[in-house]
Amino acid sequence: MKNPKVAVIIPCKNEVKYIAKCVTSVIESDYPEELLTIYVCDGKSMDGTLDIVHDLEKNNPNVFLLINKKETTPYALNLGIQNSVADICIILGAHSEASKDYVGKCVEAFQINENIGCAGGIIENVYENKTSEIIGIAMSSKFGVGNAYFRTGGNDGYVDTVAFGAYKREVFDKAGYFDTDLTRNQDDEFNFRIGKAGYKIYLSNSIRSKYYVRGSFSKLFRQYFQYGYWKVVVNVKHKTITTARQLAPLFLVCYFIFGLIVSIFSFNVLVLYLAGTASYLLLLLIFSSAQSKNLNYILQIAFAFLILHVSYGLGYLSALVNIFVLRNNRNTNFDSLTR
């Protein structure tokens with residue numbers, strides 16, 4: 001595909017602090033302006049985000065504001081895709097910034113193999129405070145997030161998912177659009193679906209973006225609780241476990257909860273339970289120590305690891321109970337979120 005038209009789609013809601021930097025990073029791309037359009041799909045922001053986007057739209061002929069009346073991410077993504085006439089659509093988070101050559105490198109990646117339907121790269125964390133730095137360190141560790149190579153890094157090659165992916169137009173014609181039933185994990189689910197449709201997902205280390213990491217442990221907990229919860233919804237839809245790594249946090253949480261209950265009735269089980277818990281805590285300290293020599297930092301990184309694992313596992317377990325015991329297919333408490 002020579003000189004393809006590219007659309008960058010940015011879902012957002014109440015992102016007054018980040019949206020200008022995100023959109024401007026794409027405007028300043030080295031990709032030809034006449035081949036590049038930017039769609040900001042806003043979920044009825046009320047914090048000044050709309051004013052900023054209106055100004056960007058007024059001053060840049062390739063920037064377009066679309067109002068996402070449904071307010072959730074998949075509706076925003078589909079709105080942008082369906083309004084574009086591009087050959088390639090790139091999904092970009094409002095908390096991110098694209099490198100100057102991001103668009104061009106994504107386009108280049110599709111030349112590697114005609115079966116590549118999605119291409120993406122590596123996230124470089126941007127820290128706003130010490131807490132976000134601690135969280136970013138934990139999220140960039142394989143102990144923290146497993147083989148999520150777009151966070152941990154690795155060799156160029158085929159993967160099961162990427163962040164801020166670029167997609168060939170034909171992928172949407174063949175596999176459909178993002179699932180509007182999913183408030184979270186809609187990109188993971190879509191990437192799973194395009195894999196079933198015969199396309200490959202390619203990760204290139206030359207494709208780089210910056211991501212502003214959440215600056216509090218409470219926000220991290222909520223984020224990963226939702227990831228775990230909606231992963232189950234995806235699994236139920238497809239009647240399969242989409243990735244093996246998602247089960248590790250669930251097993252850990254079940255071990256903590258049910259092991260403690262059984263330990264009440266058996267001293268031998270209690271000894272094994274305490275030994276297993278101590279082993280996990282030791283692993284937290286070992287992997288945290290590999291990231292820093294400062295004791296205070298080590299303890300905070302270990303706490304971030306614990307939040308990543310436990311919140312995801314609790315979300316996963318909560319969804320299992322909600323869907324299979326209480327017979328509810330979703331949790332409407334999460335539906336108002338856009339990102």
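Just so you know, all these numbers are worked out from the coordinates, no wet-lab data involved. Worth saying up front: this structure is predicted, and the values here are computed from it rather than measured. Cβ placement follows ideal geometry from the backbone for every residue including glycine, while neighbour counts extend to all protein chains displayed.
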* Asked: Is there a pair in Lys17/Lys174; Lys17/Lys293; Lys69/Lys100; Lys13/Lys100 whose C-alpha atoms are over 29 Å apart, and which pairs would that be?
  -> Lys17/Lys174; Lys17/Lys293; Lys69/Lys100
* Structure fact -> Measuring from the longest principal axis of the C-alpha atoms of the chain, the long axis of helix 186-196 (C-alpha) lies at a number of degrees, nearest 10, equal to 80
* How are the Cα pair distances of segment 166-313 distributed, in percent, across 5 Å bins from 0? -> 2, 8, 12, 14, 16, 16, 13, 9, 6, 3, 1, 0, 0
* Which trypsin sites (Lys or Arg not before Pro) in segment 215-263 pass both tests, a DSSP loop state and at most 11 other beta-carbon atoms within 10 Å? -> Lys239
* **Label-to-label distance, nm, for residues given as Glu28 and Ile286 (7 Å Cα→Cβ offset)** => 4.4
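Find how much the distance from Cys254 to Leu270 grows on full extension, using 0.36 nm per residue of separation minus their present alpha carbon separation; answer in nm with one decimal. Kindly include the intermediate steps, with their values, before the conclusion.
Working: separation 16, 0.36 × 16 = 5.76 nm, distance 1.51 nm.
Extra length from Cys254 to Leu270 when fully extended: 4.3 nm.
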* Of all DSSP beta bridges in the chain, antiparallel share, percent nearest 5 -> 30
* To do: Apply 1/(1 + (r/R0)^6) to the Cβ-Cβ distance of Lys70 and Asn3, taking R0 = 35 Å, and write down the FRET efficiency to the nearest 0.05.
  => 0.55
* Asked: Roughly speaking, what is the centre-to-centre gap between segment 305-330 and segment 237-270 when only Cα atoms are used, to the nearest Å?
  -> 12
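Residue separation times 0.36 nm, minus the C-alpha to C-alpha distance between Glu170 and Met46: what's the value? Before the final figure, lay out each step's value.
Details: separation 124, 0.36 × 124 = 44.64 nm, distance 3.54 nm.
Additional length available on full extension: 41.1 nm.
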* Report the label-to-label distance for Asn155 and Asp55 in nanometres (one decimal), using points 7 Å from each Cα along the Cα→Cβ vector. => 4.8
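Using Cα pairs closer than 8 Å and at least 6 residues apart in sequence, work out the relative contact order for the chain, in percent.
Working: 615 pairs, mean separation 67.0, N = 339.
Value for the chain: 20 percent.
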* Asked: If you project the alpha carbons of the chain onto the principal axes, what extent comes out on each, in Å, largest first?
  -> 71, 46, 43
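Test of understanding: ordering Glu170, Glu71 by Cβ neighbours within 10 Å, fewest first, what list do you get? Intermediate values should be presented prior to the final figure.
Working: Glu170 12, Glu71 19.
So the ranking, lowest neighbour count to highest, is Glu170, Glu71.
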* **Theoretical ellipticity at 222 nm over the chain - DSSP helices of four or more residues, -39500 (n - 2.57) apiece, nearest 500** => -15000 deg cm²/dmol
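Using DSSP to call loops (not H, G, I, E or B), can you name the GluC sites (Glu not before Pro) in segment 84-122 whose Cβ has at most 14 other Cβ atoms within 10 angstrom? Intermediate results must be reported in sequence, preceding the final value.
Working: sites: Glu97, Glu108, Glu114; in loops: Glu114.
Answer in residue order: Glu114.
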* So what's the Cα pair-distance distribution over segment 10-85, bin width 5 Å, in %? -> 3, 17, 29, 26, 18, 6, 1
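Can you tell me the length gained on complete extension of the stretch Ser218 to Val236, counting 0.36 nm per residue apart and subtracting the Cα distance?
Values: separation 18, 0.36 × 18 = 6.48 nm, distance 2.78 nm.
Value of the extension gain: 3.7 nm.
Counting other Cβ atoms within 10 Å of each Cβ, which trypsin sites (Lys or Arg not before Pro) in segment 11-120 have at most 12 and sit in a DSSP loop? Write out the running numbers ahead of the final one.
Numbers: sites: Lys13, Lys17, Lys21, Lys44, Lys58, Lys69, Lys70, Lys100, Lys105; in loops: Lys13, Lys17, Lys44, Lys69, Lys70, Lys100.
Counting only loop positions with at most 12 other Cβ atoms within 10 Å, the trypsin sites (Lys or Arg not before Pro) in segment 11-120 are Lys69.
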